[in-house]
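Trainee: Can you read through this structure? Questions will come right after.
The values are calculated or read from the model by the stated rules, or taken from the named source; none is laboratory data. Since we're looking at a predicted model, the values are computed, not measured. FYI the Cβ positions are ideal-geometry reconstructions off the backbone, even for glycines, and counts take in every protein chain you see. Note: accessible area is taken over every heavy atom of the protein model, side chains too, but ligands, DNA and RNA are not part of it. Shrake-Rupley method; radii C 1.70, N 1.55, O 1.52, S 1.80 Å.
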Amino acid sequence: MIQLHDVDLKLLRVFATIVKCGGFSAAQAALNAGQSTISEQMSHLETRLGVKLCQRGRSGFRLTEQGVAIHEATQRLLSAVETFCMDADVLKQRISGKLNLGIIDSTLTDRASPLPRATQRFVSRGHDVHLSVYVGSPAELEERVLDNRLHLAIGHFPAKIPGLDYSPLYQEALGLYCGRHHPLFASNLTGQALHEAIAASRIAVRGYMQQYDLDVLGVSKAAATVDNIEALAILVISGAYIGLLPAHVAEQWVSTREMRHLPISRDQLESPFDVITRRGAAPPILRAFLEDLTACSGGLTKG
């Protein structure tokens, strides 16, 4: 069995950085080391582990099958080391370390989000914490929380995955929008006539909320699918598609008449935002942040 030492952890961190950057050359700035030094460190690590981790050369950088497995194990190991360090800091009566937070895109302009207030409250407490923020799709965020790359994530999560806790956070207001060049932009249709016109239009939906979007609009299929809000806004602005957008996102284009809000006959549309965490004991740094998030949101309730 391999016995790990401090130098091995250092080499594994180098390996993780190389993979994150996509190669030796790209990792030089992040590691503050020359390519020859990085190459020597990788050779040393491969010797220590007894496996070939990657192929590098004119064909580019590529992980071997063993390299992929070692990289996944490295992520778990470094996460466990980080958790240990944070737990040990509790004995010193202070919170320090790194907090890894995940969010979905296009939430900056949402005034209903408690995240900016919670972040300010958390930082103002004087914690010695480095905050790392990852923006990804709901599926990516769930995967990263599940394998400990993220401590928590905030977004839409319609499918509940075993091993994760889902806590409702707030509701995001939605609306149906078309672009200036869409036939419905200048239309005065309402009621059933508008519904028929919507059903005849090309509809773009959020892939992670596809069934919700289709049910709201009363249609059976979409003409386009996106995995982020910016892509959906682009399709709507083009005039070729209509789609459900967060009201706070569409507001800037409605004010310049690049978009129009279509008055569909539904109660106010909302999408739920949840906080997800990995099931089990939470490290102190996560508990502290969740306390501030709870205080700024009016309370979290596990779903």
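Trainee: Step by step: first the residues of the stretch 52-72, then only those that are of a type in the set (G, A, S) and open to solvent by less than 40 Å² (accessible area, probe 1.4 Å), then the one that is farthest from R278 (Cα to Cα). Which residue is that? Quick ask: steps written out before the conclusion?
Mentor: Of the residues in the stretch 52-72, the ones of a type in the set (G, A, S) are 57, 59-60, 67, 69.
Subset that is open to solvent by less than 40 Å² (accessible area, probe 1.4 Å): 60, 67.
Working: G60: 36, G67: 26 Å.
Selected residue: G60.
Trainee: Tell me yes or no: at least one residue of the stretch 160-172 is at positive phi and modelled with pLDDT of 90 or more.
Mentor: At the first step, the residues of the stretch 160-172 found to be at positive phi are 163.
Checking the rest, the ones that are also modelled with pLDDT of 90 or more come to 163.
Looking through the stretch 160-172, at least one residue is at positive phi and modelled with pLDDT of 90 or more.
Trainee: Can you run down the residue pairs with Cβ atoms below 7 Å, 6 or more apart or on separate chains, where the first is in the stretch 39-65 and free of Cβ contacts under 8 Å to residues at least 12 places away in the same chain and the partner is assigned to a loop (DSSP other than H, G, I, E, B) and crowded, with 16+ Cβ neighbours inside 10 Å?
Mentor: E46/L53
Trainee: Quick one: count up the residues across the stretch 195-207 that are open to solvent by 40 Å² or more (accessible area, probe 1.4 Å) and either touching a residue at least 24 places away in the same chain (Cβ under 8 Å) or under 20 Å from the mean Cα position of the chain (by Cα) (or both).
Mentor: Total meeting the criteria: 2.
Trainee: Applying the selection to the stretch 218-238, what residues are open to solvent by 10 Å² or more (accessible area, probe 1.4 Å) and touching a His at 6+ places or on another chain (Cβ under 9 Å)?
Mentor: G218, I237, S238
Trainee: Oh, and also: Which condition number does R260 fail, the rest of (1) at negative phi; (2) surrounded by fewer than 19 Cβ atoms within 10 Å (Cβ to Cβ) being met?
Mentor: (2)
Trainee: Report yes if some residue within the stretch 177-194 is part of a loop (DSSP other than H, G, I, E, B), open to solvent by less than 20 Å² (accessible area, probe 1.4 Å) and of a type in the set (V, I, T); otherwise report no.
Mentor: no
Trainee: Name the one entry in G102, G22, G97 that is on the phi > 0 side of the Ramachandran plot and crowded, with 18+ Cβ neighbours inside 10 Å.
Mentor: Going through G102, G22, G97 in turn, the sole match is G97.
Trainee: Could you identify the single residue in S113, S124 that is at pLDDT below 90 and either touching a Cys at 6+ places or on another chain (Cβ under 7 Å) or of a type in the set (S, T, Y) (or both)?
Mentor: Of S113, S124, the one residue that is at pLDDT below 90 and either touching a Cys at 6+ places or on another chain (Cβ under 7 Å) or of a type in the set (S, T, Y) (or both) is S124.
Trainee: Can you work out which of the residues in the stretch 75-94 that are modelled with pLDDT under 90 and among the polar types (S, T, N, Q) is surrounded by the fewest Cβ atoms within 10 Å (Cβ to Cβ)?
Mentor: Selected residue: Q93.
Trainee: Where in the stretch 201-263 are there helices (runs of 4 or more DSSP H), lying wholly inside it, with at least 3 residues that are under 14 Å from C178 (Cα atoms) and hydrophobic (A, V, I, L, M, F, W, C)?
Mentor: Working: elements: 210-217, 229-238, 247-255.
Where helices (runs of 4 or more DSSP H) fall fully within the stretch 201-263 and carry at least 3 residues being under 14 Å from C178 (Cα atoms) and hydrophobic (A, V, I, L, M, F, W, C), they are 229-238, 247-255.
Trainee: With the requirement that a residue be under 26 Å from the mean Cα position of the chain (by Cα) and open to solvent by 40 Å² or more (accessible area, probe 1.4 Å), what does the stretch 239-257 give you?
Mentor: Within the stretch 239-257, Y241, E251, Q252, W253 meet the criteria.
Trainee: Additional query: Return yes when T119 is closer than 30 Å to W253 by Cβ, open to solvent by less than 60 Å² (accessible area, probe 1.4 Å) and assigned to a helix (DSSP H, G or I) and no when it is not.
Mentor: Working: closer than 30 Å to W253 by Cβ: yes; open to solvent by less than 60 Å² (accessible area, probe 1.4 Å): yes; assigned to a helix (DSSP H, G or I): yes.
So T119 passes the test.
Trainee: Testing T301 on (1) under 30 Å from G97 (Cα atoms); (2) open to solvent by 60 Å² or more (accessible area, probe 1.4 Å); (3) at pLDDT 95 or above, one condition comes back false. Which one is that?
Mentor: Unmet for T301, out of (1) under 30 Å from G97 (Cα atoms); (2) open to solvent by 60 Å² or more (accessible area, probe 1.4 Å); (3) at pLDDT 95 or above: (3).
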